[in-house]
Amino acid sequence: MWIVQEAIRSQIPRELDPETIYARLMTMNFAGIHTSTFTTVNMLLDSLSRPDVFNTMKEEISTIYQQSKCKWTKAAVNNLKFTDNVLRESMRLSGPIVRLIRDIKAENGIQLNGVPLPKGTKIATDMHNMHRDEEIYKDANSFNPFRLNPSTGQPMPPAVETSENFLPFGHGRV
Ligand code: HEM
């Protein structure tokens with residue numbers, strides 16, 4: 001609805017063209033709804049495959065809900081640390097996007113690990129296999145939301161914190 005409201009507000013005829021509105025809706029559907037739905041379903045299936053994980057998560061959700069007087073607030077959701085680690089671990093193994101494609105834009109191309117890549121080259125980041133690399137994640141193929149960050153010994157960072165080793169949302173562009 002806000003896409004239509006914004007199109008009316010803009011007073012630009014092309015913005016009100018049904019084809020433009022349709023293209024915007026399809027893009028947002030694909031980018032936002034499919035990704036979130038796959039992620040949620042996979043997280044539920046992954047956690048149900050491990051009763052210890054599911055029960056710990058259920059306990060945490062119930063405790064935080066009671067503590068926040070049976071009201072979900074942003075602060076209360078932020079306290080769901082273990083649940084967030086379940087989401088993160090599920091996204092590592094079952095994230096909805098497994099490759100990111102980039103075009104080389106630099107006029108003179110770039111060198112990547114000594115390989116010259118001219119302008120216009122397309123390269124892909126293999127997120128699927130990076131997320132299963134034993135050198136980065138011990139026992140990489142197992143779903144283990146209890147895993148600790150090897151460099152700090154603390155629980156893993158939040159699911160929204162991307163890094164070179166955790167790419168379900170990508171990791172920005174240069
Ligand atoms: C769990 C949920 C989601 C996942 C895993 C996800 C993942 C991604 C990934 C991997 C990219 C590509 C980033 C890149 O090229 O570096 C992307 C781009 C994008 N996402 Fe999401 N996304 C999610 C939810 C959403 C939602 C809810 C929205 C909108 C409401 C959204 C809108 C977009 C848009 C517009 C882009 C393109 C950005 C650009 O090219 O500049 N995403 N997303």
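For the stretch 108-156, what is the charge dipole size about the Cα centre, in debye to the nearest 20, if Lys and Arg each add +1 at the Cβ and Asp and Glu each add -1 at the Cβ?
Working: 5 positive and 5 negative charges, 45 e Å.
Here the stretch 108-156 has a charge dipole of around 220 debye.
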Fewest to most Cβ atoms within 10 Å: Glu15, Glu89, Glu59 sort as Glu59, Glu15, Glu89
Once the dipole of the chain is set up from charges on Cβ (+1 Lys and Arg, -1 Asp and Glu), the residue from the list Val86, Ala124, Ala7 lying farthest towards its positive end is Ala7
GNM on the chain, Cα springs under 10 Å; top mean-square fluctuation among Asn141, Asn29, Asn85 goes to Asn29
Computed over the stretch 1-110, the convex hull of the Cα set has an average projected area, in nm², of 11.9
For the stretch 1-145, the dipole about the Cα centre with charges only on Cβ (Lys and Arg +1, Asp and Glu -1), to the nearest 20 debye, works out at 340
When Trp72, Trp2 are ranked with the fewest other C-beta atoms within 10 Å first, the list becomes Trp2, Trp72
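No lab work stands behind these numbers, since they all come straight from the coordinates. Keep in mind it's a predicted model, so treat the numbers as computed, not measured. Ideal geometry is used to build each Cβ from the backbone, glycine not excepted, and the neighbour counts take in all protein chains shown.
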